[in-house]
1. On full extension of the chain, what length is gained from residue 233 through residue 102, given 0.36 nm per residue of separation minus the C-alpha to C-alpha distance?
2. Expected output is a single nm value to one decimal: the length gained when fully extending between residue 181 and residue 54, i.e. 0.36 nm times separation in residues minus the C-alpha distance. What is it?
3. Put a dot 7 Å past each Cα toward the Cβ at residue 192 and residue 71; how far apart are the dots in nm?
4. Only Cα pairs within less than 10 Å get springs; with that Gaussian network setup on the chain, which residue of 244, 196, 171 has the largest fluctuation?
5. According to the square roots a ≥ b ≥ c of the eigenvalues of the Cα gyration tensor, what is the shape class of the chain, taking rounded for a/c under 1.5, prolate for a/b larger than b/c otherwise, and oblate for the remainder?
6. For residue 84, go through the lysines and keep the ones whose alpha-carbon is under 28 Å away, minus same-chain ones fewer than eight residues off.
Amino acid sequence: MSRHFPQETLGALFDAIEIDDVVDPVVRLPDPITVECSQEEMARCLDLCRQFWRERASQAEMRALVGTLLLTGDLPQDARARYKHIRAAYKQLRFALVLYGRPHKAPLLFRATVAIMGHLQDAFRNRRRAAILGFALMLRVLLARPAWAAVRREVGKVRLDDAPGFLAFRKAEFRKLRGWLRDGALTGHRFHMIRKVVSRQVSFYDTLRTLEPGEHAYRMSRFLSAINGLMGSMHDDLVEQAGKGHRDYHRDDVPMPEDILVRLQALTSAYPA
């Protein structure tokens with residue numbers, strides 16, 4: 001049976017997510033980094049993220065926002081903030097499904113919904129009217145009652161991995177990071193893949209520190225958030241340049257900024273192999 005958490009806990013998770021791309025210039029990694037996480041802790045993290053999505057990602061409100069985008073091609077500032085918050089709840093659950101679920105992959109319809117929400121946000125931020133129309137229509141279909149019901153079933157059917165499987169998944173993620181950093185070649189797409197690994201780890205430690213407040217989880221969360229924030233700002237620029245035809249997102253090389261590279265190297269060196 002899923003646990004039900006009080007609103008104070010959901011609020012604490014929201015507060016953590018709100019600063020998961022804020023750069024703290026002074027935070028240091030814990031020494032050593034501990035990686036143990038029991039299946040009971042995993043279950044609590046997944047249950048919290050499922051409840052957060054159910055209660056903070058209103059289907060009706062998102063349908064209304066999509067309707068506004070179809071009519072006007074843009075959202076007023078307060079509606080943009082609400083769109084961002086709903087998308088954040090979706091992303092937090094997507095990270096949780098990948099992290100704690102046995103397949104380590106979000107279900108198809110849910111994954112498609114989150115991806116289209118991201119493409120739509122990029123489109124209205126960059127005022128690409130044709131893209132707004134296309135992605136808004138796709139999202140409206142996925143938010144219609146039959147698809148919405150299917151998404152909820154998908155999310156409910158995801159089964160928890162065990163603690164060794166979760167640890168193996170995280171270590172594999174860090175091996176990929178180390179390999180990408182050694183490789184040196186970096187396109188916009190590869191940059192995005194690196195950030196996705198970082199974002200999943202931010203999500204894990206945000207959830208963990210919400211449920212079990214402590215110095216270790218807090219410092220991991222804040223260190224990872226600095227990388228996530230720096231990479232997020234740069235990725236927004238890469239997407240904008242690609243949308244204007246100034247860059248090939250999948251082919252053109254991108255130099256890794258020193259402040260991001262130093263943090264990533266410190267993280268991958270300290271994380272237990």
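Values quoted throughout were computed directly from the atomic coordinates according to the rules given, and no laboratory measurement underlies them. These numbers come from a predicted model, not from an experiment. Positions of Cβ are generated from backbone atoms using ideal geometry, with glycine treated the same way; all protein chains shown enter the neighbour counts.
1. On the way: separation 131, 0.36 × 131 = 47.16 nm, distance 3.19 nm.
Going from the current span to full extension adds 44.0 nm.
2. Working: separation 127, 0.36 × 127 = 45.72 nm, distance 3.70 nm.
Value of the extension gain: 42.0 nm.
3. 3.1 nm
4. Sorting by GNM fluctuation, first place goes to 244.
5. On the way: a/c = 1.71, a/b = 1.13, b/c = 1.51.
In terms of gyration-tensor shape, oblate.
6. 105, 157, 196, 244
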